[in-house]
């Protein structure tokens, strides 16, 4: 009987580790603004696949989609208006800004019911400061995604200079000048943990391939 209990406990531990290893599965919706234009995005995540949908502000109409394989680094761009797809080449790695200073704040706040810690990245040479509110969870996909995308916007480049964010996700970020003039804003609007269909991460039928 004792052996059976030990085996049962071991199976429970293995199952829980397997569930943790799978990481986040579901959809994350967020809004990004540069104080002139507002863009809405959705990240759909399953295993090593991420689908990034750009949508028309205030609607679910798709503008463009990017399929990203976190394991291989391959990216496929979809044009929904023209029913076309193409492979997107990998970008050169963005260099870190040596003048940027990272500060982990003592403040905490709740966003969407999740506890968040404050981080600030200040770059005096560029007259910029970006403040992030970051939550911890099974979000290991996010730093991998940023590493593949190699985006050059300040939200991404400064965030990548913060250490120890392997399983964390920024739920809100503000970009300002050192004199507090607003330059940009990013916020997560909704997080849905749910099972996603494999077809969501495949090239739709009827889409034609185009070469660069």
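General observations
- Qualifying residue in the stretch 119-140 (condition: in contact with a strand residue (DSSP E or B) (Cβ under 8 Å, 6 or more places away or on another chain), under 18 Å from residue 30 (Cα atoms) and surrounded by fewer than 17 Cβ atoms within 10 Å (Cβ to Cβ)): yes
- Note on the stretch 30-77: residues that are exposed (fewer than 15 other Cβ atoms within 10 Å of the Cβ) and part of a loop (DSSP other than H, G, I, E, B) total 14.
- Strands (runs of 3 or more DSSP E) completely within the stretch 99-212 that count 3 or more residues being closer than 25 Å to residue 48 by Cα: 128-136, 168-176, 182-193
- Counting the residues of the stretch 147-159 that are within 12 Å of the chain's Cα centre (by Cα) and more than 13 Å from residue 91 (Cβ to Cβ) gives 2.
Where a number appears in this text, it was derived from the coordinates with a stated rule and is not lab data. No experiment lies behind these values; they were computed from the predicted model shown. Because the Cβ atoms are built from the backbone with ideal geometry, glycine has one as well, and the counts that use them run over all protein chains shown.
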